[in-house]
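The values are calculated or read from the model by the stated rules, or taken from the named source; none is laboratory data. Since we're looking at a predicted model, the values are computed, not measured. We place every Cβ from the backbone using ideal geometry, glycine too, and count neighbours over all the protein chains shown.
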Amino acid sequence: MISPEKIVKHLLLSSEDIEFEEFNELDIELLGAGGWGYAFHYNDKVFKVTTSITEAIYALQIKNKGLPSSVDIFDISLYEDPSHLYFVIEQEKVLNGEEDSRISVALNYLDDIGGDINDFDEIEERIEAGLIIEPSILKILREISDITNELYLYGFYDADIHVGNLGISRKDGIEQVVFFDQMNTTLEDQYGDEYLNSRDIISILMENVSEQSMSALSFIREADVVLSDAMPDLIDFMEDMKYAFSTVEAYEFLENGDWCAGGCRAFAKVLRNELTEYLSKECRIDINTSKPKICGLKNYSTSNIEHYFVKLGDYCFDASGIKSSRHFLNNFVEQEAPHLNTTMLSFTEIPEEQIVEVDHVNDVKLEMKLREIGLLPSSNCSINMVHT
């Protein structure tokens, strides 16, 4: 079952620069849950996993605009499978009303004087007429009033402004009241039936969001979330592979270098076989939607393949372990090829006819040897391997 927490963990694993071995220890805090979804906290960010399409509309509209009255929006994703649909909004973590009481104090004061937050001119007139108000309260009320004006500019006339949806952002030492719950209840009701029945999410988004803003929306595949969820087992699998290739028996096949430089192609060929069998045996991942492929880092200035590895979904496997695609290329340049730069390299899938070519490391004999002495994960498996 795909839970909201698993979706957030997948996003962290594929985007954050974290050690995969620490994956199970990720400190993801559940901030709250309601009728529309969930909010999680990790590393000064909030991940809102919501079914509300208006939250996604608002987030797409304001992303990268740096609006002073709203939280910063970092990413917006859409996850959908036959039984679940969630937008995931990654945004700035701010101090809420429970952590900072100044907003509730200011709003209570506004109720006491019978003021209207949408008519700040009236409040200023009362001050000129002798109304006594603390400067800090006045500052907060002014900023809340600015929030309502800013929301109107973006077509959000019914945003639910109350203490539970307001927080205090601290940027560069400056405090600012911001709005962090983007739902528009009127628009949500307007689209509710159409949204839930037709599930034509993209069409509804495009009715309300510019084409340029829509480019900020990314998509999360169910297969990739399942793969992330299986990561602890895949890490154990890779540890077994790395141990097998660290033995004297393995190094007898390697003429120069190591399994990341000089023997990476042989490692990738054996790994592809092992990983394919492992996934088929475990039945945790659909081998048809997440099939291991041998890929390379192509140097476009020379047309050479600088490094071979196995790619499974959004993750890259080689003798150094497992990394997300986002961090794999940088790590290879830093650790193995400092004479190169990342702009020279790109991912490319290796055609099957090139994979079966024999090179200076005989991967077929290497694989047979390691299996004979019981070092490979498939050594005790009765399924016959098909060698490349």
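Odds and ends about this structure:
- Condition check for Glu98: surrounded by 15 or more Cβ atoms within 10 Å (Cβ to Cβ), within 22 Å of Lys48 (Cα to Cα) and out of contact with any strand residue (DSSP E or B) (no Cβ under 6 Å at 6 or more places or on another chain): no
- Only one of the numbered conditions (1) crowded, with 20+ Cβ neighbours inside 10 Å; (2) over 23 Å from Ala250 (Cβ atoms); (3) touching a Cys at 6+ places or on another chain (Cβ under 7 Å) is violated by Lys311, and that is (2).
- Options Ser83, Ser169; residue that is buried (at least 19 other Cβ atoms within 10 Å of the Cβ) and among the polar types (S, T, N, Q): Ser169
- The residue of the range 25-66 that is nearest to Asn208 (Cα to Cα), among those that are surrounded by fewer than 16 Cβ atoms within 10 Å (Cβ to Cβ) and of a type in the set (Asp, Glu), is Asp44.
- Count - residues of the range 238-266 that are hydrophobic (A, V, I, L, M, F, W, C), in contact with a helix residue (DSSP H, G or I) (Cβ under 8 Å, 6 or more places away or on another chain) and not in a loop (DSSP other than H, G, I, E, B): 4
- Within the range 206-221, considering residues that are in a helix (DSSP H, G or I) and buried (at least 19 other Cβ atoms within 10 Å of the Cβ), the one modelled with the highest pLDDT: Ser213
- Residues (among the charged types (D, E, K, R) and either touching a helix residue (DSSP H, G or I) at 6+ places or on another chain (Cβ under 9 Å) or within 21 Å of Leu95 (Cβ to Cβ) (or both)) located in the range 23-64: Asp27, Glu29, Asp44, Lys45, Lys48, Glu55, Lys63
- Filtered residue count, the range 315-338, keeping only those that are under 21 Å from Ile355 (Cα atoms) and part of a loop (DSSP other than H, G, I, E, B): 2
- Restricting the range 51-70 to residues that are β-branched (Val, Ile, Thr) and touching a residue at least 40 places away in the same chain (Cβ under 8 Å), the residue that is nearest to Glu175 (Cα to Cα): Ile62
- Considering residues of the range 110-127 that are over 41 Å from the mean Cα position of the chain (by Cα) and crowded, with 16+ Cβ neighbours inside 10 Å only, the residue farthest from Gly32 (Cα to Cα): Ile123
- Subset of the range 252-268 [surrounded by 13 or more Cβ atoms within 10 Å (Cβ to Cβ) and out of contact with any Ser or Thr (no Cβ under 7 Å at 6 or more places or on another chain)]: Phe253, Leu254, Asp258, Trp259, Ala261, Gly262, Gly263, Cys264, Arg265, Ala266, Phe267, Ala268
- Those strands (runs of 3 or more DSSP E) of the range 1-112 in which at least 3 residues are among the acidic types (Asp, Glu), considering only elements entirely within it, cover 73-81.
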